[in-house]
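Novice: My structure is below; once you've seen it, I'll send some questions.
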Amino acid sequence: MRCVAFLRNVNQGQRGHPSTADILAGFADAGCPDAVPFQSNGTVVFEADDPDDVIETVVASIAARTGLDRDGFWLPLEELVGVVDAHGATSDPRRFEFTVHGGGTIDIGDAGVVEAAAYRRCEIVGSGPGWTLTRNQREGEGNATPVIEQLTGGRASSRGLPTLVRLVDRFAPES
């Protein structure tokens, strides 16, 4: 299965962050030597039969190599294609953030969810197992991660919708 990894709090090339070499070595340790990094934010495309095991190994390998603990999430590339198909043509893509998390599916109609998002000047416009799509009130704001972490009680990692569109354009098979 073709998957996309989202490593939390990664800015490759910056001091205090895992390098691209460290990340790719972690994927090699997990049996995915052909993993491909996308941008420099900890987004990696890989093939695996057991993606949960791959991410667990990658995170442990990065920590062993660098002393840096990072959280990792993954989704099937096919799931991201569906999100881009449904939302990628919006007129204001820079207001949208795609967030991955370990908290199941968030009920975007729940009053507490709506209130938590509104407090952070955003609204959750889509969700699925382990992901949400959030629209910020202002372009370029990054409010999704703190909202989702508050709602799930766990870590989350976000990417802008334009990043997701570029990723799908590059890696998804032609339909």
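FYI, it's all coordinate maths here, none of it is from the lab. Being a predicted model, the structure only gives us computed values, none of them experimental. Cβ: placed from backbone, ideal geometry, glycine included. Neighbour counts: every protein chain shown.
Novice: State the Cα centre-to-centre distance between segment 126-149 and segment 17-38 in whole Å.
Specialist: Cα centres, segment 126-149 to segment 17-38: 27 Å.
Novice: Which GluC sites (Glu not before Pro) does segment 59-159 hold that lie in a coil by DSSP with at most 16 other beta carbons within 10 Å?
Specialist: For GluC sites (Glu not before Pro) across segment 59-159 that sit outside H, G, I, E and B with at most 16 neighbouring Cβ atoms in 10 Å, the list reads GLU139, GLU141.
Novice: Cut-off is 10 Å between beta-carbons; in what order do SER157, SER19 appear when sorted fewest neighbours first?
Specialist: With the fewest neighbours first, SER157, SER19 line up as SER19, SER157.
Novice: Can you compute 3J(HN,Hα) from phi for each residue in segment 6-11, using the Karplus curve 6.51 cos²θ - 1.76 cosθ + 1.60 with θ = phi - 60°, rounded to whole Hz and x for Gly and Pro?
Specialist: 10, 8, 7, 6, 10, 9
Novice: Now for a different question. Taking θ as phi - 60°, what are the ³J(HN,Hα) couplings along segment 116-121 by the Karplus curve (6.51, -1.76, 1.60), each to the nearest whole Hz, with x for Gly and Pro?
Specialist: Each residue's phi maps through the Karplus curve to give 4, 5, 4, 4, 9, 6 Hz.
Novice: Separate question: For the residues LEU151, LEU7, what sequence is obtained by ranking on other C-beta atoms within 10 Å, fewest first?
Specialist: LEU151, LEU7
Novice: Tell me which of PHE73, ALA60, ALA89 sits at the most positive position along the dipole axis of segment 46-97, charges placed on C-beta atoms (Lys, Arg +1; Asp, Glu -1).
Specialist: ALA89
Novice: Would you tally the net charge around PHE27, using a Cβ to Cβ cut-off of less than 11 Å, leaving PHE27 out, and scoring K and R as +1, D and E as -1?
Specialist: Around PHE27, the surrounding residues sum to -4.
Novice: When a/c is below 1.5 the answer is rounded, else prolate if a/b is larger than b/c, else oblate, so apply that to segment 122-175 with a ≥ b ≥ c taken from the square roots of the Cα gyration tensor eigenvalues.
Specialist: In terms of gyration-tensor shape, prolate.
Novice: Okay, helix-only estimate at 222 nm for the chain: each DSSP H run of n ≥ 4 adds -39500 (n - 2.57), divide by all residues, round to 500 deg cm²/dmol; what do you get?
Specialist: -11500 deg cm²/dmol
Novice: Also, quick follow-up: Taking 0.36 nm per intervening residue step and subtracting the Cα-Cα distance, what contour gain separates THR105 from GLU78 on full extension?
Specialist: Between THR105 and GLU78, full extension yields 8.0 nm more.
Novice: With a cut-off of 8 Å between alpha carbons and a minimum separation of six or more residues, what is the relative contact order of segment 118-175 in percent?
Specialist: For segment 118-175, the relative contact order is 20 percent.
Novice: Quick one: longest stretch of the chain between exposed loop trypsin sites (Lys or Arg not before Pro), exposed meaning at most 16 other C-beta atoms within 10 Å and loop per DSSP?
Specialist: 16-120
Novice: Which label marks the calculated value of Cα extents along the principal axes in Å, given the options (i) 47, 44, 26; (ii) 43, 38, 28; (iii) 54, 37, 32?
Specialist: (ii)
Novice: Sticking with this one: PHE38's amide H: which non-local residues (gap 5+, or another chain) put their own amide H closer than 5 Å, with H modeled 1.01 Å from N in plane and none for Pro or chain starts?
Specialist: For PHE38, whose amide H was placed from the backbone, the distant partners under 5 Å are THR43, VAL44, VAL45.
Novice: Treat every Asp and Glu Cβ in the chain as -1 and every Lys and Arg Cβ as +1, leave all other atoms uncharged, and give the resulting dipole magnitude about the Cα centre to the nearest 20 debye.
Specialist: That gives a dipole near 800 debye.
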